[in-house]
Amino acid sequence: MTEHDFRVVKIATEETYALRIAVLRADTPTSDPKYAEDSQQGTVHLGVFDQDKVLIATSTWVVNPWQDDPSAKAIQLRGMAVATEHQRSGLGKILLEAGITHAKTRDAKYVWAKARDSALNFYLGNKFISVGDGFTEGVTQMPHHLVVRKLS
């Protein structure tokens, strides 16, 4: 399958869990795939399935203000995960662009995320900027940076 064969769809929270555990909780102190914002009003989960109907990419989009402009509408990207065997295939970009489109339909001025340092170049290559110093994220104990993309 080429990246043009994949379609991004809205999915249920529970559908994100297996991929979050496999990708985002590997080599971390926790296996809990749940986020407090999962059931928050306005939260949207997106997914991409392969031809066998297996979820191979997911992301969660949460209404959450951006620290540098708290009065503006903003969407936080959480739980961006692409199955290991599909990483670097273009699926992340497809999923990200679908989320950006969603954020624009919600009149968001910003999309932001706590990006793992291992994924920082992905975000920087997709019109995000890194803001502030790096930090160790509490749940995963992995190095992160805040990233933000201003929407036009």
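Among the strands (runs of 3 or more DSSP E) confined to segment 1-109, the ones with at least 2 residues that are farther than 21 Å from residue 151 by Cα and not β-branched (Val, Ile, Thr) are located at 44-49, 55-63. Only a single criterion out of (1) loosely packed, with under 13 Cβ neighbours inside 10 Å; (2) outside any helix (DSSP H, G or I); (3) of a type in the set (Ser, Thr, Tyr) is not satisfied by residue 118, namely (2).
If the condition is being touching a strand residue (DSSP E or B) at 6+ places or on another chain (Cβ under 6 Å) and either among the β-branched types (Val, Ile, Thr) or in a strand (DSSP E or B) (or both), then segment 137-146 contributes 143, 144, 145, 146. The residues listed here are 67, 141, 76, 87; of these, the one that is closer than 21 Å to residue 9 by Cα, surrounded by fewer than 20 Cβ atoms within 10 Å (Cβ to Cβ) and not β-branched (Val, Ile, Thr) is 87. One residue alone among 120, 151 is within 18 Å of residue 87 (Cβ to Cβ) and either modelled with pLDDT under 95 or not hydroxyl-bearing (Ser, Thr, Tyr) (or both), and that residue is 120. For segment 24-45, the tally of residues that are more than 22 Å from residue 103 (Cβ to Cβ) and either in contact with a His (Cβ under 9 Å, 6 or more places away or on another chain) or surrounded by 13 or more Cβ atoms within 10 Å (Cβ to Cβ) (or both) stands at 4. Checked against (1) surrounded by fewer than 16 Cβ atoms within 10 Å (Cβ to Cβ); (2) more than 23 Å from residue 118 (Cβ to Cβ); (3) touching a residue at least 12 places away in the same chain (Cβ under 8 Å), residue 14 passes all but a single condition, namely (3).
The values are calculated or read from the model by the stated rules, or taken from the named source; none is laboratory data. In this text, all values refer to a predicted model and were calculated from it rather than measured experimentally. Methodologically, a virtual Cβ is constructed for each residue, glycine included, from the backbone with ideal geometry; neighbour enumeration extends over all protein chains shown.
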